[in-house]
Each structure stands twice: as C-alpha cells, then as structure tokens.
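Below is one structure; the comments refer to it alone.
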Amino acid sequence: MKPLHAILLAHAVSALLCSAAAAHVPYIENKDYTFDQPFRVKGSAENSIAVYAWLETGNDTDVYRLEIPRPVHLYCNVIVPVCPAYSQFLPWLAIAGPGLAPPDEPLPFDLPQGYGAVVVKNTAPGQQRTQFYEPFGGKSYYDAPAFDQTISKTGTWYIYIWDPYGMGGDYVAVIGYKERFSVPDIFRALINTPKIRFNRELHTDCRKTTH
C-alpha cells in the first residue's frame, strides 16, 4: 500500500496537469475577504485564477481588489459546487470601478466615493441551472452568468460576491482567462490541489454529487 503522502502527491501532480487545461491558479480562502482586508489579485487581472471561497453567513460579502494600470479584458464568474445543500445557493457578483454608472440593482453595501458598478445576477430561483464537470477539482459545478468585458478606466477596481437570498455557502470565484503560470503558481497548485480533490475546501458534504 502506498503511503498517504505519495497518494496525495500523485493526486496533486495529476490535477496540476489538468489545471494546464483548466487554466486557473487555485487559491483557498483561509480568512474572510472583507472590505478592510480584501483578496488582492496579484499581477494582471487577465491572468486566470480560481478562488475557492465561502460566504460564512447569509449577510457575508466577499471583496476582491484589482489594480488596473492599463485597459484590460476582465472575465469574472462565480460558480457553486453541485451539493445537496447548494441547490438554491445563487450568489451574485458586482464589478465596481471609478467612473462606472450607478448599479441598476440595490446593493447591500456602500461603494467607494465616485464608483459605479455592474451587477451580474445569478440564475433566478427555481429555474434550471447549467452544470459542468471540472477536472481540476474533480467535482461538478453550477455555472452562472459572467462578467466578460473590456475595462479602460485605470485605478483600483473591486469584485463583490454576496447572496441576495441570505443563504451563504461555498463558491469559486473565477477571475481572468489567460493561461500564465509562474513557479509560485505551480507550488500553490501542488499545495492546494490535494485539499480541493479531497473536498477539504468545502463546508458541507458533497460526496453524493462528486465524480
């Protein structure tokens, strides 16, 4: 029988090879991404990352901060693992930046002075949700509408993720679309992959719905 560390390493290497196709550097939320301490997207906002995060309560809002020094094409999506507890978990996201128009939906938080926002709603409650299998994490997810636009205004931008229905739960914030991996990215994948493959990033039992 192989030792546990060898099994974990084999899973990590296998998933890392899958990640080259999935094109997302994996991060796991270890502490809440708050307004005062947001997740800071390092490097170009176009480089693809996947943040495995958690809305701790129905009133929680996770905050991501991006520095935009030049016009970029920004992709952002929020997907939810297919778990019995999350069949009606429908988080929304908002992209906030300087000079944008005021949001067309009321927000449960205040934007910085001079900022507007684009609100991306999830599928409406009760409607059928598209599912897909993601080989890197080894599980299925509910897909959702994405923000996929070029932004030309430079400065600090924010991504906000919350649940307007007050449920909360696990989600993955997918940011960026370019397949660029640095040496630290590879080490991060080797560390986080076993946790994701064995559902250690989750706060509910998804074993009945994983592959």
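Each value in this text was obtained by applying a stated rule to the coordinates, not by laboratory testing. Quick caveat, the model's predicted, so the values are computed rather than measured. Reconstructed Cβ throughout: ideal geometry from the backbone, glycine too, with neighbour counts over all protein chains shown.
In which sequence would ILE79, ILE68 go, from the one with the fewest C-beta neighbours within 10 Å to the one with the most?
The fewest-first ordering by Cβ neighbours comes to ILE68, ILE79.
What are the chymotrypsin sites (Phe, Trp or Tyr not before Pro) within the range 109-145 that DSSP puts in a loop, where the Cβ has at most 14 other Cβ atoms within 10 Å?
Qualifying residues, ordered by number: PHE109.
What distance in nm separates the two pseudo spin-label positions at ALA124 and GLN37, each 7 Å out from Cα along the beta-carbon direction?
Each label point is offset 7 Å from its Cα along the Cβ direction, giving 4.0 nm.
With r as the distance between the Cβ atoms of GLN131 and PHE109 and R0 = 25 Å, compute the FRET efficiency 1/(1 + (r/R0)^6) and round to 0.05.
0.25
So what's the angle, to the nearest 10 degrees on a 0 to 90 scale, between helix 183-197 and the longest Cα principal axis of the chain?
So the inclination is approximately 70 degrees.
So, in nm, how far is label GLN88 from label TYR165 when the simple model puts each one 7 Å beyond its Cα toward the Cβ?
Placing both labels 7 Å along Cα→Cβ, they lie 0.6 nm apart.
Under 27 Å between alpha carbons: how many lysine pairs meet that in the range 4-209, if sequence neighbours fewer than 8 apart on the same chain are excluded?
For the range 4-209, qualifying lysine pairs total 19.
For a Förster distance of 25 Å, can you work out the FRET efficiency between the beta-carbons of THR57 and ALA101, rounded to the nearest 0.05?
FRET efficiency, THR57 to ALA101: 0.25.
Calculate how steeply helix 4-22 sits against the longest principal axis of the alpha-carbon atoms of the chain, using the helix alpha-carbon long axis, and give the answer as 0 to 90 degrees to the nearest 10.
40
At most 16 other Cβ atoms within 10 Å plus a DSSP loop assignment makes a site exposed; report the longest stretch of the chain without any exposed GluC sites (Glu not before Pro).
With GluC sites (Glu not before Pro) excluded where exposed in loops, the chain gives 57-178 as its longest stretch.
Using mean projected area of the Cα convex hull in nm² as the read-out, say which of (1) 12.0; (2) 10.3; (3) 15.0 was calculated from these coordinates.
(1)
Given the rule -39500 (n - 2.57) for each run of at least 4 DSSP H residues, summed and divided by the residues of the chain, what is its mean residue ellipticity at 222 nm, to the nearest 500 deg cm²/dmol?
Only helices count here, giving -5500 deg cm²/dmol.
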